[in-house]
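I have placed the structure first, in the form of structure tokens, so that the comments after it can refer back to it.
The values are calculated or read from the model by the stated rules, or taken from the named source; none is laboratory data. It should be emphasised that the depicted structure is a prediction, and the values quoted were computed from it without experimental measurement. Cβ placement follows ideal geometry from the backbone for every residue including glycine, while neighbour counts extend to all protein chains displayed.
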Amino acid sequence: MFPKPHLDRAAAALAAAKAHGIRIATAETCTAGLVSACLTAVPGASAVFERGFVLYHDSAKATGLGVAETVSAAHGAVSGEVTQGLAEGALAHSGAGVAVAVTGYAGPGGGSSTHPVGTVFVAASRRGERTLFERHFFAGDRDAVRLAAVAAALDILNRRLA
């Protein structure tokens, strides 16, 4: 289902989390569980992957997992600030030691002049460490953007586990 490079990223994240003795949680919007699916496509993932949260509707993105409504109002439901909040919220609402979050506009609709379709934010939070976040822009159709977002989420997760 997933390309080998995606599965290799997922396997690396699972191995790193296992080596650190921590579990992984996800919080996803535009990928709707694809990051979780990629992680759990790796045999043995159940030893490390704890849970995934899918927040798809704007109201869920804006206030899900404890993200303050004021953060979304100030920055938008698809923003670095909300994505950071979702990663931190996934930690707070789980027993995981690391979490990754992704928000974005996969298209064909949505987006704005500031954040056009193809804009994706990823964040990774680890207990006791600062949350990392990045903004990306991916070209292509809806499936291409979502698949690229999965890779970006796994990449930042691996960096947070390094």
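Tabulated results
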| read-out | value |
| --- | --- |
| Number of positions in region 82-96 that are free of Cβ contacts under 8 Å to residues at least 60 places away in the same chain and surrounded by 19 or more Cβ atoms within 10 Å (Cβ to Cβ) | 6 |
| Selection status of residue 130, surrounded by fewer than 16 Cβ atoms within 10 Å (Cβ to Cβ), farther than 20 Å from residue 60 by Cα, within 13 Å of the chain's Cα centre (by Cα) and of a type outside the set (A, V, I, L, M) | no |
| Qualifying residues in region 35-48 (those that are closer than 15 Å to residue 6 by Cβ and touching a strand residue (DSSP E or B) at 6+ places or on another chain (Cβ under 7 Å)) - the one surrounded by the most Cβ atoms within 10 Å (Cβ to Cβ) | 35 |
| Long-range neighbours under 6 Å by Cβ, at least six apart or interchain, first residue free of Cβ contacts under 8 Å to residues at least 60 places away in the same chain within region 97-125, second crowded, with 19+ Cβ neighbours inside 10 Å and of a type in the set (Lys, Arg) | 124/160 |
| Test: residue in region 138-151 that is surrounded by fewer than 22 Cβ atoms within 10 Å (Cβ to Cβ) and in contact with an Asp or Glu (Cβ under 9 Å, 6 or more places away or on another chain) | no |
| Per-region count, region 59-72, residues under 16 Å from the mean Cα position of the chain (by Cα) and among the charged types (D, E, K, R) | 1 |
| Answer residue from region 113-127, given it is under 23 Å from residue 8 (Cα atoms) and of a type in the set (Val, Ile, Thr) and is surrounded by the most Cβ atoms within 10 Å (Cβ to Cβ) among those | 122 |
| Within region 4-49, considering residues that are of a type in the set (Val, Ile, Thr) and over 16 Å from the mean Cα position of the chain (by Cα), the one farthest from residue 126 (Cα to Cα) | 42 |
| Residue 57 vs. criteria surrounded by fewer than 18 Cβ atoms within 10 Å (Cβ to Cβ), without any contact (Cβ under 8 Å) to a residue 12 or more places away in the chain, out of contact with any helix residue (DSSP H, G or I) (no Cβ under 6 Å at 6 or more places or on another chain) and not basic (Lys, Arg) | yes |
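Residue-by-condition table, conditions (1) closer than 13 Å to residue 157 by Cα; (2) in contact with a His (Cβ under 6 Å, 6 or more places away or on another chain); (3) not basic (Lys, Arg):
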| site | (1), (2), (3) |
| --- | --- |
| 4 | no, no, no |
| 17 | yes, no, yes |
| 32 | no, no, yes |
| 40 | no, no, yes |
| 46 | no, no, yes |
| 53 | no, no, yes |
| 98 | yes, no, yes |
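Residues are listed down the side, and each one gets a yes or a no for (1) touching a Ser or Thr at 6+ places or on another chain (Cβ under 8 Å); (2) at pLDDT below 95; (3) more than 24 Å from residue 14 (Cα to Cα):
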| site | (1), (2), (3) |
| --- | --- |
| 63 | yes, yes, yes |
| 67 | no, yes, yes |
| 78 | yes, yes, yes |
| 85 | no, no, no |
| 92 | no, no, no |
| 111 | yes, yes, yes |
| 130 | no, no, no |
| 141 | no, no, yes |
